[in-house]
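The values are calculated or read from the model by the stated rules, or taken from the named source; none is laboratory data. Quantities reported herein were computed from a predicted structural model and do not represent experimental measurements. No Cβ is skipped: glycine too gets one built from the backbone with ideal geometry, and neighbour counts run over all protein chains shown. For the accessible areas, the whole protein counts, side chains as well, though only heavy atoms, and no ligand, DNA or RNA atoms are used. Shrake-Rupley method; radii C 1.70, N 1.55, O 1.52, S 1.80 Å.
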Amino acid sequence: MDTSLAILVVDDSKVDRTLLANMFSGSYSLLEARSGREALEIMAHEKVDVVVLDIGMEGMDGFEVISAMKADPALAGVPIVVETSEHAHEEASLLAGADDFIVKPFNPVVVRKRVENIVIKHVLERERLQMEVQKNELLASRRASELLFAAEHDSLTGLYNRSAFFRKTAAYLAERPSEDYTVVQFDIERFKVINELYGSEKGDEVLLAIAGALRESVQDIGTYGRMEADRFAMCLPRAYATEKAFEQPLAAALERTGLDRQIVLCYGMYEVVDRSMPVDIMCDRANLALRSIKGNYNEHLALYDGVMHQAFVAERELLDEGGRALLDGQFEPFIQPIFDLSTGKLASAEALVRWRHPAKGLVAPGAFMPFFENNGFIVKLDGYIRESVCKILFRMAELGIECPPVSVNVSRLEFYDPNLCQNLIDLVTRYGIDPSKLRLEITESAYADNMPQLLEAMDELQRFGFTVLMDDFGAGYSSLSMLRDVSVDMIKLDMRFLSHEDEGVQSRERNILQAIIPMAKSLGLPIIAEGVETGGQASFLKKVGCDFVQGYLYARPLPQDEHIALVSDAVRGAFAFGEEG
Ligand code: C2E
Ligand code: CA
Ligand code: CA
């Protein structure tokens, strides 16, 4: 046995003690006690691994020693082998808590073996317990660090989350008071579309690729984290805060995802001036810069400046103002006619909201719609515009003017309203208008959401007799094949196809159009082109088989009275664009 194990021989007979001591010497380190009291005394100070205990002793007998040991938590686990010459004591001592017994006269082989067995059993048990404790401690500390990690890190990418990024960056800046830093926010242009077209797993893969690239390239030069969804943040020495600095590593990482679609990142930056500013405000400012270029095809990086701040304040004011302006009747639809390209005749029209602002004059929707979309006010405004259009149609019917259909824009947010269909049906019924007179333009990106609500609502609206147009078709949210899956009645080409001004239509756009139009035709879908500004564009559109046109070349969006006048001229045959001169 291992001599570092201590055996305590408790016996009031010197002969027996000596006999036993001889049997154990060399195998254990040996302690001897002449009485029960002395035994307890020794065990109070020394580590004892096994006790060999005489039962019949003067004064405190073996049974008393056993019960004293069992009552003491420090000793209760120490194994006890009793020595006895009385048969009756064997059972009694086991019941009292002894682990085994040896009988006098001692047979050295049996004594050694039995003690050894007990010791091995206990040592193993103790080791097992110790391991258990260590394992539990390890698990607890691992769990604690896991919890800490989870509290500070984003579960998908493992990057710092928002609040941890704020904290780490504050500490990072505090440690480096003399260098200049820039806080950067960036996100993926149209990330939602990646999720929609390729699935959210692919979307996750893209986010992971970006996280990996940040780890590789920013690890040693600054802080970085994931704010939310596809928005990431960094704090970097100013010299590194350029689009160029990340272009290469990010592009390489994104390429590994194998997406066939180019992924464009947009950066907003804020140059830290005031070190006492909380990091979340720095991030807000970088984010403001980022938002200023969202949806802008040519710019992918913006630096925060005072003008942006003013724009931000102005935007907030605008939101507050919208509600009041609606009550005040400051919104009205302008109406832009749409012509049949082959005959030049007025075919339909589109209602486009305008804000007749008391101080700013006539404001186009680009300046307020995106913000109203953010806070949901757009739903109210759309409802108002639709009703205004119905009033115009009603008025024209009263005047006896045969009015071509007018389309209204339906915001994608409205499809979250379960009453949308019923409201539309009620509206046309109330004004006694044929539903085919009120066309509904739904932007292509709403279809890319592929919301079941949208498809259901469209179905119901079409069954009731409304005409549904897919607006901004080809803007890039959807694939051509989508046309087969959603049952629209007409498509309106995205203006971007015509926006490049060289010879009316650029070759890339030309190619896409030449692919789209026959496809739409094969599905029996009439095509409207909007934003037609030049004769060159018009003749190209005619050549490729576009059916209807809308644009400044023919007419601008008109106030309702002018629209009514134009329609009555048209029905009298006095107006068609071909005759404009
Ligand atoms: P949209 O539905 O694609 O409307 C077409 C936009 O093109 C209109 O801009 C129109 O004035 C403009 N446009 C027409 N012809 C030409 C042209 O020849 N050249 C150029 N460059 N532009 C032309 P607008 O009125 O500023 O409206 C912008 C967007 O705001 C609309 O795009 C639509 O998405 C949204 N919008 C307008 N009115 C409403 C509304 O009542 N409700 C909703 N939800 N959205 C609206
Ligand atoms: Ca439209
Ligand atoms: Ca459009």
**Asked** Do any helices (runs of 4 or more DSSP H) entirely within the range 351-442 hold 2 or more residues that are within 16 Å of ligand 2 (Cβ to nearest atom), and if so, which?
**Response** 369-375, 377-399
**Asked** Is it the case that some residue within the range 446-467 is within 14 Å of ligand 3 (Cβ to nearest atom), among the hydrophobic types (A, V, I, L, M, F, W, C) and either assigned to a loop (DSSP other than H, G, I, E, B) or at pLDDT below 95 (or both)?
**Response** yes
**Condition broken by Gly573, with the remaining ones in (1) open to solvent by less than 40 Å² (accessible area, probe 1.4 Å); (2) among the small types (Gly, Ala, Ser); (3) more than 16 Å from ligand 3 (Cβ to nearest atom) satisfied** = (1)
**Message:** Condition check: without any contact (Cβ under 8 Å) to a residue 40 or more places away in the chain and either open to solvent by 60 Å² or more (accessible area, probe 1.4 Å) or under 30 Å from Cys283 (Cα atoms) (or both). Does Arg176 satisfy that?
**Reply:** yes
**Asked** Take the residues of the range 330-350 that are in contact with a Leu (Cβ under 7 Å, 6 or more places away or on another chain) and farther than 10 Å from Val549 by Cα: which is nearest to ligand 2 (Cβ to nearest atom)?
**Response** Gln336
**Request:** List every residue pair whose Cβ atoms sit under 7 Å apart, with the two residues 6 or more apart in sequence or on different chains, where the first one lies in the range 360-382 and is closer than 16 Å to Arg324 by Cα and the second, anywhere, is in a loop (DSSP other than H, G, I, E, B) and within 16 Å of ligand 3 (Cβ to nearest atom).
**Result:** Ile378/Ser411; Val379/Ser411; Asp382/Ser411
**Asked** Can you name the residue in the range 401-424 that is within 16 Å of ligand 3 (Cβ to nearest atom) and touching a helix residue (DSSP H, G or I) at 6+ places or on another chain (Cβ under 8 Å) and, of all such residues, is farthest from Pro370 (Cα to Cα)?
**Response** Val406
**Item:** Test: residue in the range 279-299 that is in contact (Cβ under 8 Å) with a residue 12 or more places away in the chain, touching a Leu at 6+ places or on another chain (Cβ under 7 Å) and open to solvent by 10 Å² or more (accessible area, probe 1.4 Å)
**Value:** no
**Request:** Residue by residue through the range 1-34, note down the ones that are open to solvent by less than 50 Å² (accessible area, probe 1.4 Å) and in a loop (DSSP other than H, G, I, E, B).
**Result:** Leu5, Asp11, Ser13, Ser27
**Request:** Please go through the range 35-55 and pick out each residue that is in a loop (DSSP other than H, G, I, E, B) and surrounded by fewer than 17 Cβ atoms within 10 Å (Cβ to Cβ).
**Result:** Glu46, Lys47
**Message:** Out of the helices (runs of 4 or more DSSP H) lying entirely within the range 121-230, which hold 1 or more residues that are among the basic types (Lys, Arg) and within 30 Å of Pro452 (Cβ to Cβ)?
**Reply:** 191-198, 200-218
**Message:** With the requirement that a residue be buried (at least 20 other Cβ atoms within 10 Å of the Cβ) and part of a helix (DSSP H, G or I), what does the range 56-93 give you?
**Reply:** Gly62, Phe63, Val65, Ile66, Met69, His89, Ser93
**Request:** Within the range 418-448, track down each residue that is open to solvent by 50 Å² or more (accessible area, probe 1.4 Å) and either within 15 Å of ligand 1 (Cβ to nearest atom) or not assigned by TED's automatic domain parsing to the domain that holds Ser348 (or both).
**Result:** Asn423
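Per-residue answers, yes or no, for (1) open to solvent by 40 Å² or more (accessible area, probe 1.4 Å); (2) over 16 Å from Val408 (Cα atoms):
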| position | (1), (2) |
| --- | --- |
| Ile528 | no, no |
| Gly535 | yes, yes |
| Lys543 | yes, yes |
| Tyr554 | no, yes |
| Pro557 | no, no |
| Asp561 | yes, yes |
| Ala565 | yes, yes |
